[in-house]
Amino acid sequence: MMLIEETAIADAALPVDQFKAHLRLGTGFTEATVQDEVLKGFLRAAIAAIEARTGKVLIEREFSWSLNKWRDQAGEILPVAPVTEISVMTMSDASGSETAVVTDAYRLERDSQRPRLRPKGASLPAISIGGSVKIAFIAGMATDWGSLPADLGQAVLLLAAHYYEYRDETALGDGCMPFGVTSLIQRYRMVRFGAGVAR
């Protein structure tokens, strides 16, 4: 299976000015925008890290997910949350010929942890041998930075600041994340269940 981010977060959606204020960078100078591209990079890295830790997409964008077989034909758990819309589902056969699945065959079951693609009938459409299915969908907690929950926004700024301050550091361990960030994102992290309990 493969998850692809079809659209990236627009530069205009990144809180560069808030990040500058958080870092207490000087303002009003002719070189005030010289670090903007660097700051955007740290913000994008912080957003990606928090999305990976929580399984939640922060700023709304488009994704596509391809797989070769259903894990459960009664309902497939989508790889990220929250999903707001299934745009299209396309079936491909072994030769690569594609067919769009009619929307009457499936529905989105919204859930903040485990959104699912559900059949409207008894089961999801069968995937042919050697074929695949591609599901295009829109996911995100907020359409823009201002609509993001305040604690997640603060976590992004804290982590981006951490990356900025320690950008030359090579001695930190893998997966190192400041305590303030982990405590802010804790309630958004994916709840894990034992085998068979998550259904």
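On the basis of being of a type in the set (Asp, Glu), free of Cβ contacts under 8 Å to residues at least 24 places away in the same chain and within 30 Å of TYR164 (Cβ to Cβ), does ASP104 make the cut?
So ASP104 does not fit the description; no.
Is it the case that some residue within the stretch 58-65 is buried (at least 19 other Cβ atoms within 10 Å of the Cβ), assigned to a loop (DSSP other than H, G, I, E, B) and at pLDDT 95 or above? It would help to see each step written out before you state the result.
The initial filter retains those residues of the stretch 58-65 that are buried (at least 19 other Cβ atoms within 10 Å of the Cβ), namely 58-60, 63, 65.
Next cut, assigned to a loop (DSSP other than H, G, I, E, B) only: 58, 60.
So of that shortlist, the ones also at pLDDT 95 or above come out as 58, 60.
Yes, there is a match, as at least one residue in the stretch 58-65 is buried (at least 19 other Cβ atoms within 10 Å of the Cβ), assigned to a loop (DSSP other than H, G, I, E, B) and at pLDDT 95 or above.
Given the conditions (1) closer than 30 Å to LEU14 by Cα; (2) open to solvent by 50 Å² or more (accessible area, probe 1.4 Å), which single one is not true for SER128?
Answer for SER128: the failing condition is (1).
Looking only at the stretch 87-132, which residues are at pLDDT 95 or above and either under 26 Å from THR54 (Cβ atoms) or among the aromatic types (Phe, Trp, Tyr) (or both)?
SER87, MET89, TYR106, ARG107, LEU108, GLU109, ARG110, PRO115, ARG116, LEU117, ARG118
Every residue, every condition in (1) more than 20 Å from VAL57 (Cα to Cα); (2) touching a strand residue (DSSP E or B) at 6+ places or on another chain (Cβ under 8 Å), yes or no:
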| position | (1), (2) |
| --- | --- |
| GLY75 | yes, yes |
| SER87 | no, yes |
| SER97 | yes, no |
| VAL102 | yes, no |
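The values are calculated or read from the model by the stated rules, or taken from the named source; none is laboratory data. Only a predicted model underlies this, so the values are computations on that prediction, with no experimental measurement involved. Backbone-built Cβ (ideal geometry, glycine too); neighbour counts: all protein chains shown. Ligands, DNA and RNA are stripped out before the accessible areas are found, and what is left, the full protein with its side chains, is counted by its heavy atoms. Shrake-Rupley method; radii C 1.70, N 1.55, O 1.52, S 1.80 Å.
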